[in-house]
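Take a look at the structure set out below.
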Amino acid sequence: MLRLFFLFSLVVFLNVSVKAQALVFAELTGNPLNTTGWNLTGNANVGDTPGDGDNFNDELILTNNTNNQSGGVFFQEPIDLNTCQQWQVEFQFRIWQGNGADGIAFCFIDVPPTGFVSGGGVGIPQSANGIKVVFDSYDNGCGANPEIQIYNGVGYNECAAGIVKVNNSGGNLNFIRSNGYNSARITYNNGVITVFVNNTQWLSTTYNVTFVGYMGFTASTGGSNDRHSIKNARIFADVAEANAGADITICSGQTGQIGTANNSNYVYTWSPANGLSSTTVSNPSVSLTNSGNSNLTQTYTVQTNLASNPNSCPVFDQVTVTVKPNRVNNINSTLCQGESISAGGQTFTSTGTYQVVIPAQNGCDSTINVNLTVNPVYSQNINVTLCQGESYVFGSQTLTTSGVYQRDLQTINGCDSIITLNLIVNPTNTSSMSASICQGETYPFFGNNLSNPGMYTQQLQNIYGCDSSVTLTLTIKPTLSGTVNHSMCQGESFLFNGQNYSNQGVYTATLTGSNGCDSIVTLNLTVYPIPAAPQLTSNAPLECPGDELTINAEFLNGATYAWTGPNNFVSNTQNVSFNAFVPNIGNYGVRVTINGCISPEATIGVDILNIFTFEDFQFPNVITPNSDGINDAIDIKGYYQTCFRFELQLFNRWGNLVFSQDFDGQPFIGETNEGKPLPDGVYFYRLKYEGSEKNGFVQILGRK
């Protein structure tokens, strides 16, 4: 039994309740992601993003977080919406890891896609005709994005007339662009397209599409970017199940049964109709006649559709019926006395009529009718010797091999005499040999110098006087050639034919090949220069610990970057930026690699101006607030240029709080926070700072 599914390359059934089982038309799943049957274009690649919490290569990245990229993936097999009017697409998508653009689209288009675009086109080819369901994360001037859109027509534009959409009113679609994956489901039911995200229906419209098309995904970036990726993508179609039954074998004229038990949910159509009791039932009977001597085979195909939906995707299955013949053989034979004939396991030596019925191996009876006549015989002997290759005519026979042969001379009964021939055929000596030479050489063979490939024969004579021959099979071995392509960096060398080469160029060498003949090898050597160290700029020195540090490296086309620095710092981006603290002070270096060649290291120093901590702070113990401009105030922030938060509290001898100051407050000038002068005397202070505090006293003297 051979099962056929219309336009589908994957035959996996899942228990999805959509009137019948749903067939997986196509899928992008697995670890690593299995892309068999899909065409990847543009920047599309299999990889891993941090959006799913694992390190598996089970995601299809359509674009990286780089400007002006596009990528697409489309299934190679088309689907016909004239016959498959119900299908469903399920997948997970992620738009993140950049500065926000441009979106992911699911497409059903009429021709295999080419010419992917970047930017606001979401990667959809400008000539693509068909349905597009777009998760648009960038506002191109037509609404509050993110948006979910459905569009049917040629190309795609967020502002196109007739586009159906829901926009980000009140931030309800902010989740479309997210570090984690969202789940999407798109259903098509006789033209009605419905879009679900995270099991919530967001959009529905009707487009009746009746052409054969291709399904896939696109994405793009433009002046802004995001990494766009999908995973766990499956496309389902609503189909019945076809079962033509097991192959059967019957005898000619017998009746057999094909198909399977009836399912009231299905409609059946069989072809061809010959020999069938019905073409519209699930299990028709079949009866065929075989008048020949060999088996006859007939293949029947059943097409199954859903009874509730005659336009559902048709499913096919096949069964082969083998019809064995019932054989009747008539044997009319005349023998000479002493001969016999066998039929049906019996041997006959006498004149008569015999009938033998035997069960054939194919299970169908065979009948053999034997009409036998036995006549008397006479005999005569003849001895003949020949050479192999010669022949002897003996009656109506032309004989070429040794043996004993008999000839019946025709008399009244056909057996009046038997002539026995003893034929001896002496052998001719034949031998064969093979040789091979290099192209341009010659091979001697019985006085001839041979230079072309082929078979050559020399005739001789043996001791019997019979011809003999020697056959030579001559092979010409070719001169081999090959090419070696190698690239390296300036200052390196490449060993070729025993010599080191360091300059770019084309070099040749003549060697002895594996076949023993000359071979010519050509070396194409490419030497790339060592790139110069890149120019570096930064915003150092920084004012305070925790300020953002930015170091920019010169852009070099085709370069990759490798940074090192204090506190085990490494990075492979062109520019680096982070919040720097004391452990980050020091020299930062970067090397670039172009064409596999590494530049000298460029370095730049990073320092932080204000790294004072209160661990080393010595609190003043006297203040003279007499307005003489000398020691009139305690200004902690002004004295030490600290960047660290603090709180100062002063208490009188009775433990009452008389003054407090935080990081942004006014310094202590011998007055309370309300501006009331404090009398001379000793006051106790508490200085609180990050994770600790200092305690002591300060004395007010000399107030006027």
Inset, instruction - Return a yes/no flag: does region 110-117 have any residue that is aliphatic (A, V, I, L, M), touching a Gly at 6+ places or on another chain (Cβ under 9 Å) and in the same structural domain as residue 204 (by TED's automatic domain parsing). - result: yes
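One line per residue, one yes/no per condition, for (1) of a type in the set (A, V, I, L, M); (2) touching a Phe, Trp or Tyr at 6+ places or on another chain (Cβ under 6 Å); (3) modelled with pLDDT under 85:
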{"position": "420", "(1), (2), (3)": "no, no, no"}
{"position": "429", "(1), (2), (3)": "no, no, yes"}
{"position": "435", "(1), (2), (3)": "yes, yes, no"}
{"position": "443", "(1), (2), (3)": "no, no, no"}
{"position": "449", "(1), (2), (3)": "no, no, no"}
{"position": "452", "(1), (2), (3)": "no, no, no"}
Legend entry - Pairs with Cβ under 9 Å, 6+ apart, first in region 490-511 and free of Cβ contacts under 8 Å to residues at least 24 places away in the same chain, second among the charged types (D, E, K, R): 510/518; 511/518
Legend entry - Enumeration of residues in region 648-693 that are in contact (Cβ under 8 Å) with a residue 40 or more places away in the chain and in a loop (DSSP other than H, G, I, E, B): 669, 670, 690
Inset, instruction - Among the candidates 106, 135, single out the residue that is under 19 Å from residue 217 (Cβ atoms), assigned to a strand (DSSP E or B), out of contact with any Ser or Thr (no Cβ under 9 Å at 6 or more places or on another chain) and not aliphatic (A, V, I, L, M). - result: 135
Inset, instruction - Select the strands (runs of 3 or more DSSP E) contained entirely in region 18-99, then report the ones holding at least 3 residues which are closer than 30 Å to residue 263 by Cβ and small (Gly, Ala, Ser). - result: 20-28
Legend entry - So residue 283, is it assigned to a loop (DSSP other than H, G, I, E, B) and surrounded by 17 or more Cβ atoms within 10 Å (Cβ to Cβ): yes
Inset, instruction - Please verify whether region 94-103 includes one or more residues that are free of Cβ contacts under 8 Å to residues at least 24 places away in the same chain and either touching a strand residue (DSSP E or B) at 6+ places or on another chain (Cβ under 7 Å) or crowded, with 23+ Cβ neighbours inside 10 Å (or both). - result: no
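The values are calculated or read from the model by the stated rules, or taken from the named source; none is laboratory data. Everything quoted here is computed from the prediction, not taken from an experiment. Neighbour counts run over all protein chains shown; Cβ positions are idealised from the backbone, glycine included.
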